[in-house]
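So the structure is just underneath, and the comments pick up after that.
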Amino acid sequence: MMVALCTGMLFIVYRTTLFQYEHTEVRPTLLIHLCVRESAFASGLLNNLPRGIVRPNSDMELKPLWSSSSRQTEVDASNRRYLLAMPVGITQKRNVDTVVQKFLPENFTVMLFHYDGNLDGWWDLEWSSKAIHIVAHNQTKWWFAKRFLHPAVVSIYDYIFLWDEDLGVQHFNPARYLDIVRSEGLEISQPALDPNSTEIHHRITIRARMKKFHRRVYDVRGKVKCSDSSDGPPCTGFVEGMAPVFSRSAWYCAWHLIQNDLVHGWGMDMKLGYCAQGDRTKKVGVVDREYVVHKGIQSLGGSGKKCSQRHSGGLDPRMEIRRQSTWELQIFKDRWNKAVKEDKFWVDPFRSIRRRKPISDRRDKEKRSHHH
């Protein structure tokens, strides 16, 4: 009887574990698809269509005008797919080529947002004809992302890399990076920055040489004090906007967080942790083992001839862009505060953490004093 009982218990544990694994793997995709389809039918706009004919999701894969069944089978055989989306200008063509060459062998779809309008200059690259090209003059990464990376369109991809064009990838391997992200359960992440990078804005993004990854930083210098009691950005639960990587579920949330009219995205990185599908102190992290160099090259509003011609009257384009970004930052903060105030049913998932910490800290102090 004991043997039978133990066998039964092991079988139950096995089935439960298997179900949880399958539930974790499949649920985000199904949830996105079902939400899109059901909301469309609820609107009444699709009432004249049979539900089974509706395909709410799509992808960025190029479709051949003709294909054999063997080719189609080869395409469908892949279980995991990823998307690399980058805003690019022709002046950074060489660096972009280096980045793309790193990603292509790992089953990445490449999507380029051409903010300078120069598309013809890219056709000499072997991979260019297989990439997705979108052209819109002087538009930002977030403008492109909001309009062309809708969750229903990119739901086929397990991870979405939304990177800037000025990243050095000599010490970065996409496959190894994804292995770390999966194994550590990071829904939102970024590669660490080489300490020698030209631009570093937050200490949490700097590479820790002896670590595989990190979720928080300790720093008592400057205005921001980061310690064990810190429970939010930029001390923990934070990635910066130059090289974020999103899981499918995290992107579903982050896309809705992007404001349609606030194109510079300032302030949004401080709120991305709310899209981490759980505790941001655990689900958001910086990968140290696979790191990049941030070159900090200014692109939009640069000092080229075309830009000088457009900004007559002695205005400095970079100064104007910074002024616009600062203005958008304040608008985003105001909108967040207003939304929190007006949504009577919304509960800040991290408020309870902030309230509990002082209590736990006091208990730790009491234990230490009692011990002494």
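The values are calculated or read from the model by the stated rules, or taken from the named source; none is laboratory data. Computed from a prediction, not measured in an experiment: that's the story for all the values here. So basically every Cβ, Gly included, is an ideal-geometry build from the backbone, and we count neighbours across all protein chains shown. Areas reflect the complete protein model, heavy atoms only, side chains present, ligands, DNA and RNA absent. Shrake-Rupley method; radii C 1.70, N 1.55, O 1.52, S 1.80 Å.
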Review point. Out of all the residues in the range 171-185, is one or more at pLDDT below 95, open to solvent by 40 Å² or more (accessible area, probe 1.4 Å) and in a loop (DSSP other than H, G, I, E, B)?
Key: no
Check your understanding: What number of residues in the range 296-321 are at pLDDT 75 or above, farther than 14 Å from residue 263 by Cβ and either surrounded by 12 or more Cβ atoms within 10 Å (Cβ to Cβ) or touching a strand residue (DSSP E or B) at 6+ places or on another chain (Cβ under 6 Å) (or both)?
Key -> 6
Exercise for review: Can you tell me which residue among 153, 239, 224 is part of a loop (DSSP other than H, G, I, E, B), open to solvent by 30 Å² or more (accessible area, probe 1.4 Å) and within 18 Å of residue 284 (Cβ to Cβ)?
Suggested key: 224
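Any idea which residue in the range 100-117 is surrounded by the most Cβ atoms within 10 Å (Cβ to Cβ), counting only those that are of a type outside the set (Ser, Thr, Tyr) and under 17 Å from the mean Cα position of the chain (by Cα)?
Within the range 100-117, the match that is surrounded by the most Cβ atoms within 10 Å (Cβ to Cβ) is 113.
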Study note, to complete from the structure: Of the residues in the range 242-261, those that are part of a loop (DSSP other than H, G, I, E, B) and under 11 Å from the mean Cα position of the chain (by Cα) number 3
Point to revise | Subset of the range 56-72 that is at pLDDT 80 or above and open to solvent by 80 Å² or more (accessible area, probe 1.4 Å) - its residue that is nearest to the chain's Cα centre (by Cα) | key: 62
Review point. Does the range 315-353 hold any residues that are of a type in the set (A, V, I, L, M), closer than 23 Å to residue 280 by Cβ and part of a helix (DSSP H, G or I), and which are they?
Key: 329, 339, 340, 353
